1. Report the one residue of 263, 386, 111 whose Cα lies farthest in the direction of the positive end of the charge dipole of the chain (charges on C-beta: Lys and Arg +1, Asp and Glu -1; origin at the Cα centre).
2. So which trypsin sites (Lys or Arg not before Pro) in the stretch 192-254 end up in coil per DSSP with only 14 or fewer other C-beta atoms within 10 Å?
3. Using Cα positions and a limit of under 24 Å, work out the lysines in reach of residue 113, with same-chain residues fewer than 8 apart set aside.
4. Nothing charged except the Cβ atoms of Lys and Arg (+1) and of Asp and Glu (-1): what's the magnitude of the dipole of the stretch 405-453 about its Cα centre? Round to the nearest 20 debye.
5. Simple spin-label model, 7 Å along Cα-to-Cβ: residue 379 to residue 7 in nm?
6. Counting Lys and Arg as +1 and Asp and Glu as -1, what is the net charge of the other residues whose Cβ lies under 12 Å from the Cβ of residue 141?
7. Counting each DSSP H run of 4 or more residues in the chain as -39500 (n - 2.57), what helix-only mean residue ellipticity at 222 nm follows after dividing by all residues, to the nearest 500 deg cm²/dmol?
8. With all pairs of different alpha carbon atoms counted, what Kirkwood hydrodynamic radius in Å does the chain show?
Amino acid sequence: MNTPHIRDFAGKRIHMIGIGGSSMSGLAEMLIEQGYRVTGSDRDEGYLIHHVREAGGEVMIGQRPENVHGADLVVYSAAIAKDNPERAEADRLGIPSLERAYLLGQLMEGYPKAVGICGAHGKTTVTSMLSQILLENGKDPSIHIGGRLDAIGGSVHIGHSDIFVAEACEFNRSFLQISPTVAVVLNIDADHLDCYRDIDEIEETFGQFLSALPENGIAIGNGDDPRVRRQIEKLDCRKIFFGFDSRNEWHPERKEEDDRGYATFSLMHREQETVRMKMGVPGDFNVMNAMAAMAAADALGVEPVKAAASLEHFTGAHRRFELTDEIDGVEIFHDYGHNPAEMRNALSIARKRCKGRLWAVMQPHTFSRVRNLFNDYLTCTETADITLVTDICAAREKDPGDLNSGMLVDGMVRNGIDAHWTPTFDDTEKYLRENWQAGDLVLTMGCGDINLLNVQIHRHETEKGEKK
């Protein structure tokens with residue numbers, strides 16, 4: 001069966017299964033803006049759904065076969081199994097279906113400067129950084145981000161230039177449906193091992209993504225990552241490397257850092273200083289993210305001095321080390337980091353900011369990720385003083401029955417971490433409120449619905465204030 005093309009359904013009804021996801025909600029908004037009638041469904045009332053409704057989409061909570069009745073095309077995310085009641089009903093009725101990654105690839109078709117930003121960590125941040133640079137410097141790109149950026153008022157922007165910037169996710173090999181002319185590779189790491197054999201297969205798949213670049217394309221990669229460097233070196237197109245090592249075309253020199261982790265450094269292009277940069281977001285990993293964005297911006301025609309000015313006031317996308325509250329003298333943050341490496345990075349920033357005790361609140365994401373990275377989870381919060389672990393967010397998976405957060409906590413305790421299993425958000429909030437002290441910092445981490453714990457804490461605090 002031929003893959004349907006979105007252009008053949010102009011003005012028709014597109015039904016999106018899993019419309020509350022970070023990518024799907026943005027694509028829904030993009031389709032609505034282009035004149036499609038969009039409906040969709042999700043299991044829960046996620047925080048992005050109201051943005052789709054505000055844009056004009058109709059969203060049903062709960063997934064039922066009748067939701068697809070009358071649809072002209074069904075779009076589903078990779079997390080939606082074939083036996084999902086709506087997918088199965090669409091198949092039964094012969095309604096054409098399209099996986100999310102194909103839709104993104106089709107929307108990017110025809111752009112001379114199609115930028116795909118990929119890697120295990122940092123995709124949303126770098127896509128957001130580059131988007132803000134391009135918008136503030138008159139490039140007016142079309143944008144698709146797997147998060148929300150205040151600079152564009154959401155997760156998408158319909159531009160009117162020859163540039164389209166998008167996150168390119170390796171989960172389920174989704175990024176192979178994109179044909180970039182500019183590829184940015186941030187890192188290659190062991191993640192999504194539910195759909196890859198091992199790290200070598202992940203690297204090979206990144207190589208496939210890069211091989212789609214045309215001869216006049218541009219590959220921009222983290223030269224400090226040997227896997228990234230190896231795959232990019234194979235290409236015949238233009239190659240650009242960034243990293244902390246001075247052998248990279250773009251690298252920092254004379255880096256200084258304040259007591260909260262905000263860096264100032266000279267960005268070098270080969271042997272020449274292009275600009276003295278001051279970061280608007282903390283952490284060495286954000287210095288690396290900034291260099292990726294700066295290298296891409298330069299390749300797209302933005303002068304480094306102007307690009308750096310945009311990054312100086314870049315404060316991050318939502319759910320990326322985002323301050324959500326200050327209660328009883330305790331700062332409460334949320335970060336989307338959902339694998340051990342990302343959690344370590346987020347906690348490294350929090351440690352520098354924290355005046356008292358640092359609380360790591362972790363919602364492990366998917367049983368397969370916890371199983372594959374189990375030992376890494378046992379030490380990734382060692383920077384924190386106290387770790388709370390909620391139940392595992394199953395997301396697209398079923399509970400196998402032989403793995404739970406209590407096992408993680410037991411392993412953490414054996415590694416000397418003061419860890420506690422607080423299964424529900426109510427349990428977690430109760431433990432925090434009974435034990436936090438002025439000067440403490442709480443960081444909730446995960447890509448499931450753990451951000452709703454922050455919302456819950458804020459709501460309860462507001463209700464307390466109203467009763468006074």
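1. 111
2. Those satisfying the criteria are 197, 234, 247.
3. Within the straight-line limit of under 24 Å, residue 113 reaches these lysines: 123, 139, 234, 239, 306.
4. It comes to approximately 120 debye.
5. It works out to 5.3 nm between the two label points.
6. Summing Lys/Arg as +1 and Asp/Glu as -1 gives -1.
7. Roughly -10000 deg cm²/dmol at 222 nm, from the helical runs in the chain.
8. 23.0
Read-outs throughout are calculated quantities, based only on the coordinates presented, and are distinct from any laboratory measurement. Small disclaimer: the values here were computed from a predicted structure and weren't measured. Cβ: placed from backbone, ideal geometry, glycine included. Neighbour counts: every protein chain shown.
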